[in-house]
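Note sheet for the following structure.
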Amino acid sequence: MNKLPITPSLPRGDSTRRLLQACAILFMCLLSFALVVLYMKRHGFYSTDYSPDEGHYIAMAKRILSEHVYSYWGEGPDAYVSYGYPLFLVLGMAVFGSDLDGLLCIKLVQCAMLAGTVLLTYLLGKMLTGKFSVGFIACTLIALNPVYYTYCTRLLTEGPYFFFMMLFFVSFLWANQGEKPWRYVLSGGLFALTVMIRPLLVIILPFLFLPSLVENWRQKQKFLTPFLLFLAGFVVLCLPWWIRNLVTLHKVVILATQTNPIYAGLAPDLTGLEDPGSFLGNLKLMFQLLLKDPLGMVYWMTFGKFYIMFMQDVGSNFTALFTIIWNVTVYLGIFGALRALFSRRYWGASLTFFVYLAASFLFIPVNRYALQYMPMLAIFTGHLLVSAFSYQEETRRLL
């Protein structure tokens, strides 16, 4: 009779350390969930003080359930916003109801998604660097960032988007670290779901496989096969949306028709300007403004928007400790990302991050748009701090 191979047990010290690490991560996830729920309680579990976007999303989901019409404005079928968040609300209302109790349950699901985002931030940091400390620092910075509590308790895209964005990044790294083709299909599907919640992430698609192309430029098959599998997963999740738009609206809409956030971000003062109402029209207007005032436009589209999104007093409604957490994440994260850009191991991740960050400068600069970058900045912060302390330790040994 064949005996099963005996798996060697971990040394007692290693198993204890891993247990403590798992408890620490679990604690940060539970803490983030508790804090966001307490924040929601403070502002009223059943608050109906909805923002305009919230009101539109709620009405849209109810309209889909009752009238079976996908319409943001309620004036007939449209594709003003992509399907990700509306269908998330529809699913939530179908399960929990569309009354105040049902909406509260959906908010609680979004609170759980924030805890999931904290966990995924740890996983991504650990998978990228192989160091628990990097992942733990990163997820702590996210768990204790109160700006997340503000938006993850609102019926807006933020909560689900952060969760699926980080889930996609983890799945993509997981696919690259294995030899299982189906992982790339799964990763492509998660990428599609994320893009259909917020389309901006699609900008990184050409850069995701750039490190693989550089590494395998003489063996194109090693690059093409994963890329095509990824693309297949992406297309499968997007195809129903494309077909619906073609059949119902009689036109090709890849993502969405909404363009006013681009127009609203073209200048600090829009007086005298008129919204073209199309992506190409906004690009044309942007180049006209660039020719009119090159220096002013370049400053506004880069440092001006970065300052508003990341450097204004985001902690005015919170304690000084939370303001420090935000600033540490932003400033050290940017330095860490720049450092990683010139490293052999992390240049691909850093380049993708900066492309994604630069894409946000096409839109109106608001603080909520900065939150999508904070998990990556937190990971770069953790890596910078751990590398600095490791360097000091190595220097002491040499001395």
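The values are calculated or read from the model by the stated rules, or taken from the named source; none is laboratory data. These numbers come from a predicted model, not from an experiment. Here the Cβ is made from the backbone with ideal geometry for all residues, glycine too, and neighbour counts use every protein chain on show. For accessibility, only protein heavy atoms count, side chains too; no ligands or nucleic acids. Shrake-Rupley method; radii C 1.70, N 1.55, O 1.52, S 1.80 Å.
Just a few scattered comments:
- Condition check for L351 on (1) farther than 30 Å from T153 by Cα; (2) modelled with pLDDT under 95: one failure, at (2).
- Taken together, P199, P206, P181, P211 contain a single residue that is surrounded by fewer than 22 Cβ atoms within 10 Å (Cβ to Cβ), within 17 Å of Y369 (Cβ to Cβ) and either of a type outside the set (V, I, T) or touching a Gly at 6+ places or on another chain (Cβ under 9 Å) (or both), which is P199.
- Any pair with Cβ under 6 angstrom, 6 or more apart, that starts in segment 44-64 at a residue that is part of a helix (DSSP H, G or I) and ends at one that is surrounded by fewer than 15 Cβ atoms within 10 Å (Cβ to Cβ): R63/V69
- Qualifying residue in segment 157-166 (condition: open to solvent by 10 Å² or more (accessible area, probe 1.4 Å) and either in a helix (DSSP H, G or I) or at positive phi (or both)): yes
A quick yes/no check of all residues on (1) among the aliphatic types (A, V, I, L, M); (2) open to solvent by 50 Å² or more (accessible area, probe 1.4 Å); (3) at pLDDT 95 or above; (4) in contact with a strand residue (DSSP E or B) (Cβ under 7 Å, 6 or more places away or on another chain):
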| site | (1), (2), (3), (4) |
| --- | --- |
| L357 | yes, no, yes, no |
| R368 | no, no, no, no |
| A378 | yes, no, yes, no |
| T381 | no, no, yes, no |
| F389 | no, yes, no, no |
| L399 | yes, yes, no, no |
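- So S82, is it under 26 Å from F172 (Cβ atoms), within 24 Å of the chain's Cα centre (by Cα), assigned to a loop (DSSP other than H, G, I, E, B) and in contact (Cβ under 8 Å) with a residue 40 or more places away in the chain: yes
- Any chance Q177 is without any contact (Cβ under 8 Å) to a residue 12 or more places away in the chain and over 30 Å from L290 (Cα atoms): no
- Check on S187, at pLDDT 95 or above and polar (S, T, N, Q): yes
- Across segment 320-335, a minimum of one residue is classified as part of a helix (DSSP H, G or I) and within 19 Å of G130 (Cα to Cα).
- Selection status of V247, β-branched (V, I, T), in a loop (DSSP other than H, G, I, E, B) and either in contact with a strand residue (DSSP E or B) (Cβ under 6 Å, 6 or more places away or on another chain) or without any contact (Cβ under 8 Å) to a residue 40 or more places away in the chain (or both): no
- Among the candidates S51, S15, S32, residue that is under 17 Å from G159 (Cα atoms) and modelled with pLDDT under 95: S51
- Identity of the residue in segment 330-355, among the aromatic types (F, W, Y) and over 16 Å from the mean Cα position of the chain (by Cα), that ends up least open to solvent (accessible area, probe 1.4 Å): Y346
- Scanning segment 251-276 for residues that are in contact with a helix residue (DSSP H, G or I) (Cβ under 8 Å, 6 or more places away or on another chain) and either under 16 Å from F361 (Cα atoms) or loosely packed, with under 15 Cβ neighbours inside 10 Å (or both) yields K251, V252, I254, T259, I262, Y263, G265, L266, A267, P268, L270, L273.
- Residue in segment 294-310 that is within 30 Å of V386 (Cβ to Cβ), surrounded by 16 or more Cβ atoms within 10 Å (Cβ to Cβ) and touching a helix residue (DSSP H, G or I) at 6+ places or on another chain (Cβ under 7 Å) present: yes
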